[in-house]
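Enquirer: Questions regarding the structure given below will be posed in turn.
The values are calculated or read from the model by the stated rules, or taken from the named source; none is laboratory data. Computed from a prediction, not measured in an experiment: that's the story for all the values here. Glycine also receives a Cβ, built like all others from the backbone with ideal geometry; neighbour counts cover every protein chain displayed. What goes into the accessible areas is simple: the full protein's heavy atoms, side chains included, and nothing from ligands, DNA or RNA. Shrake-Rupley method; radii C 1.70, N 1.55, O 1.52, S 1.80 Å.
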Amino acid sequence: MVKKSLLDLNVALSQATIEAERRTSAEVAAVVLQASDAYQGHLFLYGLVLGSTIDILLWAGKIVAGFPFLFGIQVAAIAAVSLIPPLRDLCLQLIPKRVRHHHAARRAFEEYLFLSRHVPQERAIVLFYVSLAEKYVHILHSRAVPAKISDDIWESIVSKFTGAVKTGGLSAASIEAIGQIAAVLAHHFPESD
């Protein structure tokens, strides 16, 4: 269900970016992801800690002393943390916010680098990036943009987006943000450039 709604959102955003690019000479892109990273290393660590805790309790209570059974519990805990969605989501929430935002920022820059490689260097580029699991929103732009548009404008669009998500939902807020980006770009980078 989540993947389908995310796919529908990305289709709507593709149409919104096409419309935005008709209004400006700049390249506009939007990326909305469920998560910026799979966090497999963190999930493995949490599974290892959970399995070890269960093993210690069973061993200390003299319920189980055999290595193969304790090892099986360890492997089962690691698999459960990685494969059971509610348990995985709980463990992802335990990852410090700073780490999650670092992963999201890195993925945003990777998306921007991929986009910028396929666009002429002199053309202005703006990427609207959203990662749902990390609750992270960022607008990245090329070097041509700050000469004409201050970062305060992008920050205000991000602020409006986060407020609109709470009131109107992700899809409407994302499309509205793309429209705001297009309006700003159209003023400074008109289609005729």
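Enquirer: Counting just the residues of the stretch 38-60 that are of a type outside the set (A, V, I, L, M, F, W, C) and open to solvent by less than 50 Å² (accessible area, probe 1.4 Å), which one comes out farthest from the chain's Cα centre (by Cα)?
Expert: Asp55
Conditions tested, residue by residue: (1) within 30 Å of Thr53 (Cα to Cα); (2) touching a Cys at 6+ places or on another chain (Cβ under 6 Å); (3) touching a residue at least 40 places away in the same chain (Cβ under 8 Å); (4) of a type in the set (Ser, Thr, Tyr).
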residue: Arg88; (1), (2), (3), (4): yes, no, yes, no
residue: Leu92; (1), (2), (3), (4): yes, no, yes, no
residue: Pro120; (1), (2), (3), (4): no, no, no, no
residue: Leu132; (1), (2), (3), (4): no, no, yes, no
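Enquirer: While we're looking at this one, here's another question. Looking at Ile175, is it open to solvent by 60 Å² or more (accessible area, probe 1.4 Å), in contact (Cβ under 8 Å) with a residue 24 or more places away in the chain and under 22 Å from Glu27 (Cβ atoms)? Talk me through it step by step, then tell me what you get.
Expert: Details: open to solvent by 60 Å² or more (accessible area, probe 1.4 Å): yes; in contact (Cβ under 8 Å) with a residue 24 or more places away in the chain: yes; under 22 Å from Glu27 (Cβ atoms): yes.
Yes: the conditions hold for Ile175.
Enquirer: Only one of these conditions is not met by Leu94: (1) out of contact with any Leu (no Cβ under 8 Å at 6 or more places or on another chain); (2) open to solvent by less than 100 Å² (accessible area, probe 1.4 Å). Which number is it?
Expert: For Leu94, the failing item is (2).
Enquirer: Could you list all residues from the stretch 71-129 that are of a type in the set (Val, Ile, Thr) and under 16 Å from the mean Cα position of the chain (by Cα)? Full working, then the answer.
Expert: First pass over the stretch 71-129, keeping only residues of a type in the set (Val, Ile, Thr): 73, 75, 78, 81, 84, 95, 99, 119, 125-126.
Answer for the stretch 71-129, where residues must be of a type in the set (Val, Ile, Thr) and under 16 Å from the mean Cα position of the chain (by Cα): Ile95, Val99.
Enquirer: Ok, one more. Do the conditions hold for Ala147, that is, is it at pLDDT below 95 and closer than 18 Å to Thr17 by Cα?
Expert: no
Enquirer: While we're here: Can you pull out every residue in the stretch 19-37 that is open to solvent by 40 Å² or more (accessible area, probe 1.4 Å) and over 30 Å from Ala76 (Cα atoms)?
Expert: Looking only at the stretch 19-37, we keep the residues that are open to solvent by 40 Å² or more (accessible area, probe 1.4 Å), and these are 19, 21-23, 34, 37.
Across the stretch 19-37, the qualifying residues are Glu19, Glu21, Arg22, Arg23.
Enquirer: Does the stretch 149-159 include one or more residues that are touching a helix residue (DSSP H, G or I) at 6+ places or on another chain (Cβ under 8 Å), on the phi < 0 side of the Ramachandran plot and among the small types (Gly, Ala, Ser)?
Expert: No, the stretch 149-159 has no match at all.
Enquirer: Determine, yes or no, whether Ala147 is small (Gly, Ala, Ser), open to solvent by 50 Å² or more (accessible area, probe 1.4 Å) and farther than 26 Å from Ala35 by Cβ. Walk me through it before giving the result.
Expert: Details: small (Gly, Ala, Ser): yes; open to solvent by 50 Å² or more (accessible area, probe 1.4 Å): yes; farther than 26 Å from Ala35 by Cβ: yes.
Yes, satisfied.
Enquirer: Going through the stretch 1-18 one residue at a time, which ones are of a type outside the set (S, T, N, Q) and either over 24 Å from Lys97 (Cα atoms) or surrounded by fewer than 16 Cβ atoms within 10 Å (Cβ to Cβ) (or both)?
Expert: Within the stretch 1-18, the subset of a type outside the set (S, T, N, Q) is 1-4, 6-9, 11-13, 16, 18.
Result: Met1, Val2, Lys3, Lys4, Leu7, Asp8, Leu9, Val11, Ala12, Leu13, Ala16, Ile18.
Enquirer: Just the residues that are over 30 Å from Cys91 (Cα atoms) and either outside any loop (DSSP other than H, G, I, E, B) or under 11 Å from the mean Cα position of the chain (by Cα) (or both), please, taken from the stretch 130-144.
Expert: Once the filter is applied, which keeps residues that are over 30 Å from Cys91 (Cα atoms) and either outside any loop (DSSP other than H, G, I, E, B) or under 11 Å from the mean Cα position of the chain (by Cα) (or both), the stretch 130-144 yields only His141.
Enquirer: I'd like the full set of residues that are surrounded by 14 or more Cβ atoms within 10 Å (Cβ to Cβ), under 24 Å from Val184 (Cβ atoms) and not aromatic (Phe, Trp, Tyr), limited to the stretch 108-132.
Expert: Matches in the stretch 108-132: Ala108, Glu111, Leu115, Ser116, Val119, Arg123, Ala124, Ile125, Val126, Leu127, Val130, Ser131.
Enquirer: Further question: Evaluate the following for Leu13: is it part of a helix (DSSP H, G or I), within 27 Å of the chain's Cα centre (by Cα) and over 30 Å from Ala183 (Cα atoms)? Please lay out each step first, then the result.
Expert: Numbers: part of a helix (DSSP H, G or I): yes; within 27 Å of the chain's Cα centre (by Cα): yes; over 30 Å from Ala183 (Cα atoms): no.
No: the conditions fail for Leu13.
Enquirer: Can you give me the ranges of the helices (runs of 4 or more DSSP H) entirely in the stretch 16-121 with at least 2 residues that are basic (Lys, Arg) and closer than 24 Å to Leu132 by Cα? Working first, answer last.
Expert: Working: elements: 40-60, 67-83, 85-94, 97-116.
In the stretch 16-121, the matching helices (runs of 4 or more DSSP H) lie at 97-116.
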